[in-house]
1. Please state which one of VAL245, VAL289 is at negative phi and not in a helix (DSSP H, G or I).
2. In the range 579-604, which residue that is assigned to a loop (DSSP other than H, G, I, E, B) and touching a residue at least 60 places away in the same chain (Cβ under 8 Å) is farthest from the chain's Cα centre (by Cα)?
3. Looking at the range 356-377, which of the residues that are among the charged types (D, E, K, R) and part of a loop (DSSP other than H, G, I, E, B) is nearest to ALA345 (Cα to Cα)?
4. Have a look at THR797, THR772 and point out the one that is at pLDDT 70 or above, hydroxyl-bearing (Ser, Thr, Tyr) and either closer than 21 Å to GLY662 by Cβ or outside any loop (DSSP other than H, G, I, E, B) (or both).
5. With respect to ARG76, is the statement that it is in contact with a Pro (Cβ under 9 Å, 6 or more places away or on another chain), among the charged types (D, E, K, R) and modelled with pLDDT under 85 true?
6. Within the range 378-402, can you find the residues that are assigned to a strand (DSSP E or B) and among the β-branched types (Val, Ile, Thr)?
7. Within the range 30-52, identify whether any single residue is over 37 Å from the mean Cα position of the chain (by Cα) and either touching a residue at least 60 places away in the same chain (Cβ under 8 Å) or crowded, with 23+ Cβ neighbours inside 10 Å (or both), and answer yes or no.
8. Quick check on THR291: is it within 23 Å of ASP455 (Cβ to Cβ) and not aliphatic (A, V, I, L, M)?
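The values are calculated or read from the model by the stated rules, or taken from the named source; none is laboratory data. Small disclaimer: the values here were computed from a predicted structure and weren't measured. Using ideal geometry, Cβ is built from the backbone for each residue, glycine included, and neighbour counts are taken over all protein chains shown.
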Amino acid sequence: MGEMDEIVREFLVESYENLDQLEQDMVSLESEPGSKELLSSIFRTIHTIKGTSGFLAFNRLEKLAHRGENLLSELRDGVREMDQETADVLLSMVDRIRAIMGSVEETGQEGDVDIDSVIAQIEAIQGKTESAAKPAAEQAPHETAETPAEVPFMTNVPDEKGETSMGEPAEVPFMTNVPDEKGETSMGAEAPAAQAETKPEPAPAKPAQSAGAAVAAANSKKDTKSADHPTSDHGRSAAESSIRVDVDLLDVLMREVSELVLVRNQIVRQTDNMSDMNLVQSSQRLSIVATELQEGIMKTRMQPIEHLWSKMPRVVRDLAKQTGKKVKLVMIGGDTELDRSLLEAIKDPLTHMVRNAVDHGVESPEERKAAGKDPEGIVTMKAYHAGGQVVVDIIDDGAGIDPVAVANKALDKGLVTSAQLQDMSDKDIFNMLFLPGFSTAKKVSNISGRGVGTDVVKTSVEAIGGTVDVESELGHGSTWRMRIPLTLAIQPSLTVESHGELYAIPQVSLLELVALDSSRKETSMEYVNASPVYRLRGMLLPLIRLSHVLHPEETERRDEEANGVIAVLQNDDQRFGLVVDKVINNEEIVVKPLSSKLKSIGLYAGATLLGDGRVALILDIGAVARRSLTGASTQAAQKAQAAAEAAQARASDVIGQALVVGIGDGRRVAIPLAAVTRLEHVNAEKVERVGGREVIQYRGQILPIVRLDRLLGVMDYEEPKDLQVVVYNRGDRSVAMVVREILDIVSDDKRKHSTVEDHGLLGSAVLKDRVTELLDVEQAVRAADPTFFDEIDDFNTELELGSRLDMVGA
């Protein structure tokens, strides 16, 4: 590639990024027409494109940007104000600029993109169609004297003494100082002459901010700041801290690191039982280095999701105008990072869901007024990490989805029967929106109504190992939610064995493991409508035996076996147990693609090579659940669960259960058993401090700690080497409550209560002839993490702390 080709390539890359930001700024300027900052940003971008286009001899592109800059000058100078007509024309100009750049990228030429119509619109707005060149001529002396805007490649260039000369505009950040054959820097002296006859333009009101490496590198040689260059520090830090790397190179590095992880796993497995300590230590060191290298390479592939969101303000603005609606777009969590390949994969699904929210979700201004709402609807895009995945929510405050209307449409299309509808929940009904050809639109338009959108969204998201679902409340709006894995290349997984074969379960879906044995079968395993369930801490868990799914012919014989391990898994909002023969290992695996024959089975997400050289298939947990958990069996388990909970609620009028712990000074505290997730032993040396609070690392999470002795005012005592920890979990968040000892699980007689509350306590009760204090779990958890419940609605319901009230008494 020649030097000029490289310059053009850098120009295109830089300009595409600038155009994305330009669209956002223009949409924002429409709602904030007096913003000088937005106007300056827009002007600088167009000025940069115009100047660079002239230098590279892209005359049509320069001409279009020149006319747009004239209009922007009037906006900046206060001659005219930003309105919808002006915004439409400027956005059309951006579209034409993008189209010309696309032609340059493909053919090296500007192509035949129509620019005359846009220029005519600009001139018509200015009202100067007969003398469009006059304003530029009047302003030419000012620009020539102040800022030579037509020589954009002249940036701050160090002279022979190392000082910086001011060839002002920094509008071409990709134009860096190129060393010649002698190692000296040159900016190409013939370039200014090429621009000498270009029409001069109005100069920016203040020097443009530097955004590129060349300007930043030059400015970084200055030791002092000056008012004339307020952004030099920012440019310097950006240049020194980042470089551009070809995406193909990152892909190659990722593949090589994946192979390194495989080799690392094999070496670690082979040296586990060796007596040569030097070899073992070298193996462990290799494992650490490989892990750090893997994490570093994966970080280079991560990009903030705001890169994808940058186009959405324009999408919402244009669609709202087309449908006659007023819509405000709110974006939260744009700094949430995702693998770049996944960002590309969800671009179309995300765009469709946003369009769907504007077109179907938000009502017209008249309908909103009639419903007592603000005429302007709100669409919120929210991204956050949860359970090892990235969750993206598209939320609208519109009319919501009527489940009855969806059900009737499904009946009309013959997708379900009346009998099936009677057993379906609202969530099941909403999921029919993802069926091919299904649409609730009253009429077909060029925007929607053909029923080919949501099913494509679901297919695209599931193809990358994600899920998509919808929640809605009639009259209040809808939430479309995508759950996406952080990366597809390397995944932490649990290797299990079933029917003599090895399988990998992605840890992102794994909640816990429960051992089965014949002595517990009669008391813990039950059948509901011939479907096996397991009673786990009072909750009925639907069971799937993996061997039945993969080898249906073995069902009868395998049903007689009671031993094994239950992997408790979560798929969307559905929790179930997968029964396997045994657990093999927990390790990071490299995901390899499947052959077409294995892919057609529909139960596997990929394959991997384990550390011992054996091959394991990676289970698609969602596919396993969909194939094995029928709606009837799940609903039967839910009904049985509801009946059991009702019976337990009636029993709790007399008896409640609690975990009794000791906290020092002979004091006993009762914790409602419903608030206890796990009991653990933790080495005291594992306790760390973050921001003044104690934390521990637990199952890949950072758990805040609350010491009940300190919370309840117990005198300090000598800390043991091993801490007794009660883990409380809600959703994706957990808290560890440290106690001195675990004593007992008891039933509570409410007739022996004292309801006097104290700090951290609800009162006291007589349990097994001993006065025992009743812990206020909410206060204890907030002591460890004050923000723990901020995102949980209806605290008492969500925490299932009915037992807390039972223990205190009515």
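1. Numbers: VAL289 fails: not in a helix (DSSP H, G or I).
None of the other options fit; the residue is VAL245.
2. We begin by selecting, within the range 579-604, every residue assigned to a loop (DSSP other than H, G, I, E, B); these are 581, 591, 593-595, 600-603.
Of the ones still in play, those that are also touching a residue at least 60 places away in the same chain (Cβ under 8 Å) are 581, 591.
On the way: ASP581: 35, VAL591: 21 Å.
Looking at residues that are assigned to a loop (DSSP other than H, G, I, E, B) and touching a residue at least 60 places away in the same chain (Cβ under 8 Å), I get ASP581.
3. Going residue by residue through the range 356-377, those that are among the charged types (D, E, K, R) are 359, 363, 366-369, 373-374, 376.
Still in the running and part of a loop (DSSP other than H, G, I, E, B): 363, 373-374.
Numbers: GLU363: 30, LYS373: 36, ASP374: 35 Å.
It comes out as GLU363.
4. Details: THR797 fails: at pLDDT 70 or above.
Going through THR797, THR772 in turn, just one is at pLDDT 70 or above, hydroxyl-bearing (Ser, Thr, Tyr) and either closer than 21 Å to GLY662 by Cβ or outside any loop (DSSP other than H, G, I, E, B) (or both): THR772.
5. Working: in contact with a Pro (Cβ under 9 Å, 6 or more places away or on another chain): yes; among the charged types (D, E, K, R): yes; modelled with pLDDT under 85: yes.
Yes: the conditions hold for ARG76.
6. Hits for the range 378-402 are ILE378, VAL379, THR380, VAL390, VAL391, VAL392, ILE394, ILE395.
7. Within the range 30-52, the first condition is being over 37 Å from the mean Cα position of the chain (by Cα), and the residues that meet it are 51.
Checking the rest, the ones that are also either touching a residue at least 60 places away in the same chain (Cβ under 8 Å) or crowded, with 23+ Cβ neighbours inside 10 Å (or both) come to 51.
Checked the range 30-52: at least one residue is over 37 Å from the mean Cα position of the chain (by Cα) and either touching a residue at least 60 places away in the same chain (Cβ under 8 Å) or crowded, with 23+ Cβ neighbours inside 10 Å (or both).
8. Values: within 23 Å of ASP455 (Cβ to Cβ): no; not aliphatic (A, V, I, L, M): yes.
No.
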